[in-house]
Structure formats: C-alpha cells, structure tokens
C-alpha cells in the first residue's frame with residue numbers, strides 16, 4: 001500500500017465529513033435553509049478534487065488563475081444546480097447581488113468553498129512534507145532526532161506539517177462537538193426521524209475515525225518520506241504494525257468519545273452550544289449563558305438541560321461525592337487516552353530504546369502495552385470461542401469420520417503444529433511409513449526420511465522417481481518450511497498415494 | 001536470506017573444489033569438509049601420516065581463496081613468540097618494531113602440533129580461539145577468514161605432547177585424509193611428472209567473498225526438531241556406557257554450524273537431519289574420551305558416534321519412528 005496515494009483520500013474524506021456535518025447542523029439550527037441531498041455529492045467531489053490537485057499538481061509555479069478557475073467552477077456548478085433544482089427563483093441568472101443574499105445559494109456555495117479550502121490545505125501540507133523530506137535528504141539526515149535539530153537550526157520557511165494536522169483535527173472536532181450539542185440541547189434533533197439521526201451519528205463517528213486515522217497516517221507518511229529521502233531501511237512489516245496499532249487506538253478513542261459526558265470543564269460544551277444556538281436563532285448569547293434563554297422554535301424545556309453547578313439548590317454531600325468520583329473517572333479516562341496516544345507513538349518510534357525511557361513516557365508505554373495485550377487477549381478469546389463453537393457445530397453436522405479428522409487437526413493445532421497442506425503432506429509421509437511397517441519395510445528410530453526413502457527405492461525400483469520427488473518435497477516442507485502451492489501439493493499427494501499403492505502391492509507379492 | 005545467497009555458497013564450493021582438485025587427486029569429501037570448517041570459521045585437526053597431501057591441501061586452499069598462507073613446523077624448542085611474532089629493537093629508528101609471526105596469515109598450517117610444548121600449543125590455540133594476538137601489551141587482530149590446519153601424527157607418540165581434551169575441543173572438526181587408492185596414486189605420479197600444478201594454480205575467490213559467505217551460512221534455517229536432534233545426539237555422548245567424557249555444548253554448536261555449512265554447500269537454505277549425521281563423526285569424535293577398558297577393547301570414538309547415529313531417534317514424525 002502506497003501511503004502517498006492513500007493519505008489524500010483520508011484528508012478528502014475527513015474534509016467531506018466535517019463540512020457535511022457543519023452544513024447539517026447549520027440547516028438544523030438555522031431552520032431557514034434545508035441541506036440538499038445533492039450537496040453531499042458536490043462536497044465529496046470537491047474535497048477529493050482539491051486535495052489531489054494540491055498534493056500532486058500544485059506547485060509554486062501554478063498560476064493563480066488556475067486556482068481561481070478551479071474554485072470558480074466548483075462554486076459556479078453549485079449555483080447552476082441550485083437554480084435548476086429550485087427553479088424558478090425570484091431573480092434572474094446574472095443578478096448576483098440578489099443571489100449572494102439568498103441563503104439557498106450562499107450557504108451551499110460557502111460550504112463548497114469551505115470543503116475546497118480545507119481539502120486543498122491538507123493537499124498542500126502533503127507537498128510540504130515532501131519538501132521537508134527532500135531537504136533533509138539533501139542534508140543527509142539519518143535519524144529522526146537529527147531531523148528535528150536540523151529543522152530547528154535551519155530556516156526552511158515551512159511549518160511543521162504535523163502541527164497543522166493536529167490543530168485542525170482538534171479545532172474541527174471542537175466545532176462539531178459544539179454544534180452537535182447545540183442541536184441536541186435545542187431539541188431539534190428530537191424531531192428528526194430515526195434514520196436521519198443515525199445518519200448524523202454515522203457521519204460524526206466516521207469523521208472522528210477518519211480524522212484520527214489521517215493524523216496517524218500522516219505521521220507515518222512523513223516518516224516514510226524522510227526515510228525514503230535519507231535512504232533509511234525500515235522493516236517490511238512496520239506499516240502493517242503501525243496501522244494495526246492505530247486501529248486499536250482509534251477504536252479506543254471512538255469508544256471513549258461515544259460514552260464520555262461533556263460537562264467536565266468550566267468552559268462546557270453546553271455553555272458553548274447555548275451560545276451557538278443563540279447565534280443561529282438570533283438570541284443574545286450572553287443572555288443564554290446567564291440561563292434566561294427560552295428558544296421559540298422548536299420549543300424545549302429547561303429540565304432537559306443537564307447543567308450542574310448552576311442549579312437552584314445546593315447539592316447534597318452524597319451528590320457532591322458522586323460528582324467528584326464521576327469527575328475523577330472522566331479525568332482519569334482522558335489521562336488514560338492521552339497516555340495511550342503517547343504510548344502508541346513511543347512504541348512505534350522507539351522500539352529498541354524503550355527500556356531507556358523513564359517516568360511518564362515509560363508509564364505511557366506500559367499502559368499502551370497493557371491495553372494492546374488486553375485487546376489482543378480479548379480477540380484471541382473470541383477467536384477461541386468462535387473455533388469451539390464451530391467444532392461443536394461440526395460435531396453435530398459432520399459424519400463420525402469427519403469429526404475424528406477435525407479433532408485430530410484441532411489437536412495438532414493446539415500443539416502449534418502444522419496445518420493445512422503441510423499437515424497433509426506430513427500425514428502422507430506417516431501413511432507411507434505405516435504402510436511400509438505393515439509389509440515389513442520398517443523405519444528405524446535413527447533413520448532420517450531421506451534414508452528411509454533410499455530403503456524404499458531399493459525395494460521399489462518401479463517408483464524410484466516418485467519416491468525421490470516425494471521425499472525431497474517432504475524435506476522441503478518439514479525442515480525447510482517451504483510455502484505449499486496448491487498444484488504442487490496435489491502433485492506431492494498423488495506421488496505419495498502411488499508410493500502407498502506400490503508398497504501394498506509389494507507386500508502382497510512378498511506374501 | 002535468499003536462495004541466491006545459498007546458491008552463491010554452492011557455487012563457491014564447486015569452484016574451490018574444482019580448483020583444489022587440480023593439485024589434489026580424489027579426497028573430494030575431505031575438501032568439502034575443509035570448506036565446511038572455513039565457512040563456519042572453525043579450525044581443523046588433521047590426523048594423518050606424513051606425505052598424504054596435508055600441506056598441499058592447505059596451500060591450494062589459500063591460493064584458491066586468494067588468501068595468505070604460512071606454515072609453522074612445530075618442534076619441542078618452538079617458542080610462543082615464534083608463532084605470534086616478536087618486537088625487535090630497530091637501531092636506526094631507536095624503537096621496538098613488531099615483526100609478525102607466521103600466525104598472521106589467513107591459512108596457517110601447524111605441522112605436527114603435538115611435537116610443540118604445551119606452552120607453545122596454548123599460545124597457538126589462544127590465537128585460534130580469540131582471532132587475535134597480543135604481543136607486548138598490544139593486540140593485533142587476525143585477518144578474516146582465518147583457518148588453522150593443525151596436523152598430528154597418529155602413530156608416533158615418542159617425544160610428543162599429546163593435546164589435552166580441553167584443547168582438542170577447540171578444533172571445529174577432525175579430519176583424516178588417508179592414503180590414496182591405487183588409481184589415485186597413479187594419477188598423482190602422472191601429474192607430478194613435470195612442473196607441480198600448484199605453481200599454476202590461480203585464485204577463484206577472494207577473502208572478502210569468503211567473509212560474506214561465512215555470514216550467509218549462519219543464516220541457514222534450522223528447524224526446531226533438527227536442532228533438538230543435534231542436542232540429543234550430543235547429550236547422548238555424555239551418557240554412553242563406553243564414554244568417560246562426552247562432547248561439550250561447544251560440540252553441539254559446532255555440529256549445528258557444520259550442518260548449516262554443509263547444507264549451504266549443497267545449495268539448500270535449510271538443514272536436514274542427514275546433514276547432522278554426515279557431520280557428526282567429523283565434529284564429535286575428537287571431543288569424546290573413551291573409558292580405558294573400552295580403548296583396550298579396541299573401540300574407537302568413531303565407533304561410538306556411529307552407534308549413536310543408529311540409535312538416537314531422528315523423530316521426523318512421531319508416528320514414523322514406530323512409536
């Protein structure tokens with residue numbers, strides 16, 4: 001998998017998720033405009049176009065007219081679609097002064113523009129990463145730590161690309177959080193159909209996951225770019241390991257975000273969301289924060305506001321204790337999350353140096369390892385359970401012979417023995433030895449398969465070639481761990497069966 | 001490790017074998033065993049009567065790999081400094097100058113090692129074990145590949161200092177060349193009628209290539225059951241009724257290395273129990289000491305190894321061994 005081609009897709013998907021969600025919530029909170037379905041497709045296409053263009057075609061020499069043409073065609077297309085879908089409008093095609101005051105034109109156009117800017121910004125950062133790698137490669141950088149020193153000591157006129165991604169992930173996440181809670185608290189979400197709400201949830205969680213994956217992938221992309229320019233050799237499985245660990249991390253974050261409450265900071269999402277509601281519905285934000293806000297449409301009651309700390313009554317001791325414990329759990333969860341993230345990066349970057357870490361980094365690594373071990377253990381247990389379930393199912397559906405064979409295979413698997421084609425070839429060798437023993441061609445304890453093969457060749461000259469081929473194949477599988485291709489395995493098994501037949505025939509002749 | 005790497009070992013083996021065969025008639029198996037020791041970075045003890053081609057084989061090997069060759073004729077008055085080298089005072093420079101001894105070569109033939117005193121033997125064996133020489137507090141690294149072929153006469157023991165068991169264990173393998181057959185001796189006479197073929201022998205490899213191949217050999221795959229077989233075989237020498245002192249763990253390590261080198265010379269990137277069996281008599285026989293009564297009965301350590309190779313189970317497949 002070439003990260004160079006994958007990261008722009010992730011950036012495009014993330015831009016699409018964020019802009020679509022923002023559009024959705026504006027539509028819900030504002031009320032004067034409905035998010036049209038076709039706008040999803042436009043934002044999607046614009047995001048992909050912009051990020052790929054910026055990542056692969058944009059250069060300092062690209063004329064500004066090309067960029068203007070690009071964005072103009074996107075916004076122009078939106079205008080045309082709006083006119084065609086909402087026709088007839090009260091104004092003519094070229095009365096643009098009227099058009100820019102029409103929310104049905106300006107909001108889709110702004111969202112398209114936002115998607116174009118956002119995705120294009122990511123695309124440009126990918127070229128910055130390449131530039132960094134190129135410059136470091138020229139400077140013969142050989143280690144990651146050296147890279148930072150090099151960047152600090154020399155002014156390349158570029159910012160650290162990772163910070164760009166991090167702050168945008170954080171900022172967009174915060175924006176979506178505020179808008180989502182505003183929509184929830186104002187009650188507009190309650191009026192939506194279950195499908196719509198599910199769609200919003202999927203888009204939100206999807207956006208968060210893609211954003212996190214993008215963050216991790218960009219970091220790896222940056223490292224791989226630098227390594228490729230500096231000629232550093234990295235193990236082949238590194239990328240796979242990275243994404244495996246990233247997936248665990250993303251699942252953990254998504255899980256915690258999905259269950260985490262929102263009121264654990266003095267600047268709560270609730271307060272900000274009330275301010276957002278006020279902004280969209282023309283209320284005075286400061287009045288809202290004071291607690292006097294009563295939205296007109298759609299109506300909702302103040303009882304739904306889970307705002308503690310502004311209550312009328314003094315909280316009881318037990319309530320305060322529960323809240324304190326609750327606060328501790330939440331803070332602990334967030335701290336754990338941060339440590340997991342730090343641990344993830346440390347494990348990926350400082351594989352051989354982990355023992356030298358002390359203090360907080362060491363703790364982060366331990367927590368991360370414990371977490372991944374727990375997840376892996378859980379997965380193994382599930383797989384084991386699944387395997388047992390399948391065996392039980394087989395026992396009731398298969399014939400007794402099949403069950404016996406399955407049990408034998410399972411037993412071999414338990415001992416971490418061979419499986420599949422390798423096992424078949426080894427079983428065939430055992431069958432040859434058993435058949436040989438029955439007719440008097442015994443394999444001595446100190447005899448190797450090769451020596452036994454020579455004994456068989458003496459006794460059965462008619463299958464000389466077959467014996468030689470089978471024993472050589474068996475040796476390759478047994479001692480050389482050769483990969484078994486299906487056609488080759490079939491041929492080996494056929495030769496083995498022929499040898500067994502000839503041994504039996506020889507036995508009958510001897511009798 | 002790729003198949004190409006192993007193929008390069010096999011190609012090297014073929015080339016050197018062909019080259020040495022120009023001066024040595026027959027003895028193909030012995031030359032291959034010599035290559036096993038070279039590729040495993042071990043040293044060889046040649047037990048044979050004089051005049052069977054020991055020096056010729058060592059010289060031919062040195063020329064074939066493009067390495068340097070030297071010979072140490074061991075006598076009772078040989079001093080350690082005669083082997084390692086000595087610092088002499090240079091009057092012109094007014095300083096001591098190190099004059100390297102014969103050990104500073106890549107292929108060293110220590111002829112009749114058992115005629116040297118234990119002190120000189122020890123200094124030689126130290127160089128073999130550590131791959132370096134220390135003279136006057138200064139350490140000189142011996143250039144790789146470094147192979148010592150020590151010979152000893154198995155019939156004459158008068159005025160000799162037989163190598164103790166601990167020293168014997170330092171030799172990777174023990175080899176017997178033996179007398180040539182009638183046909184072989186005839187060919188030898190024909191070939192040596194004119195100019196000795198060694199004078200026209202040319203290198204077919206380089207020391208750098210040998211160093212690379214030595215690293216390739218260590219990467220030859222050893223399957224668990226084969227490793228287990230090596231260990232069981234070595235351990236069985238310790239409990240055998242005729243054996244007073246069995247082979248050491250160094251012996252099992254040497255056996256595994258030798259099997260790896262043999263497999264690589266055969267063009268295989270994994271070892272078979274057959275490789276272990278082929279190498280066991282060369283690698284283990286000199287590492288075991290028989291009980292005096294067994295020796296009196298005429299039993300040799302080769303007989304014991306041969307018996308063990310028949311009785312120690314290979315365990316290819318549990319079912320296959322008839323258990």
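The values are calculated or read from the model by the stated rules, or taken from the named source; none is laboratory data. Here the structure is a predicted model, which means the values were calculated and not measured. Please note: Cβ atoms are built from the backbone with ideal geometry, for glycine as well, and neighbour counts cover all protein chains shown.
The table that follows gives values for the structure above.
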quantity: Candidate set: the stretch B:146-186, residues that are surrounded by fewer than 16 Cβ atoms within 10 Å (Cβ to Cβ) and not in a loop (DSSP other than H, G, I, E, B); chosen: the one modelled with the lowest pLDDT; calculated: B:166
quantity: Selected residue (criterion: nearest to residue B:144 (Cα to Cα)) from residues of the stretch B:204-222 that are surrounded by fewer than 17 Cβ atoms within 10 Å (Cβ to Cβ) and within 14 Å of chain A (Cβ to nearest Cβ); calculated: B:219
quantity: Selection count where residues are in contact (Cβ under 8 Å) with a residue 24 or more places away in the chain and more than 15 Å from residue B:262 (Cβ to Cβ), scope the stretch B:8-42; calculated: 11
quantity: Test: residue in the stretch A:117-130 that is at pLDDT 90 or above and farther than 24 Å from residue A:220 by Cβ; calculated: yes
quantity: Enumeration of residues in the stretch A:465-494 that are farther than 25 Å from residue B:260 by Cβ, under 38 Å from the mean Cα position of the chain (by Cα) and surrounded by fewer than 16 Cβ atoms within 10 Å (Cβ to Cβ); calculated: A:485, A:486, A:487
quantity: Lone unmet requirement of (1) part of a helix (DSSP H, G or I); (2) touching a helix residue (DSSP H, G or I) at 6+ places or on another chain (Cβ under 7 Å); (3) at pLDDT 80 or above for residue B:189; calculated: (2)
quantity: Scope the stretch A:239-254; condition touching a residue at least 40 places away in the same chain (Cβ under 8 Å) and within 13 Å of residue A:348 (Cα to Cα); matching residues; calculated: A:239, A:241, A:242, A:245, A:246, A:249
quantity: Hits in the stretch A:431-467 - residues which are away from chain B (no Cβ under 11 Å) and outside any helix (DSSP H, G or I); calculated: A:440, A:441, A:460
quantity: Residue in the stretch A:476-492 that is modelled with the lowest pLDDT, counting only those that are out of contact with any helix residue (DSSP H, G or I) (no Cβ under 6 Å at 6 or more places or on another chain) and part of a helix (DSSP H, G or I); calculated: A:486
quantity: Hey, residue B:75 more than 18 Å from the chain's Cα centre (by Cα) and crowded, with 21+ Cβ neighbours inside 10 Å or not; calculated: no
quantity: Qualifying residue in the stretch A:83-100 (condition: in the same structural domain as residue A:221 (by TED's automatic domain parsing) and buried (at least 20 other Cβ atoms within 10 Å of the Cβ)); calculated: no
quantity: Sole residue being within 12 Å of chain A (Cβ to nearest Cβ) and in contact with a helix residue (DSSP H, G or I) (Cβ under 9 Å, 6 or more places away or on another chain), chosen from B:302, B:266, B:307; calculated: B:266
quantity: Test: residue in the stretch B:247-264 that is more than 27 Å from residue B:165 (Cβ to Cβ), crowded, with 21+ Cβ neighbours inside 10 Å, touching a strand residue (DSSP E or B) at 6+ places or on another chain (Cβ under 8 Å) and modelled with pLDDT under 90; calculated: no
quantity: Selection count where residues are surrounded by 18 or more Cβ atoms within 10 Å (Cβ to Cβ), touching a residue at least 40 places away in the same chain (Cβ under 8 Å) and either in contact with a helix residue (DSSP H, G or I) (Cβ under 8 Å, 6 or more places away or on another chain) or assigned to a strand (DSSP E or B) (or both), scope the stretch B:115-145; calculated: 9
quantity: Test: residue B:293 is over 23 Å from residue B:35 (Cα atoms), within 11 Å of another protein chain (Cβ to nearest Cβ) and over 20 Å from the mean Cα position of the chain (by Cα); calculated: no
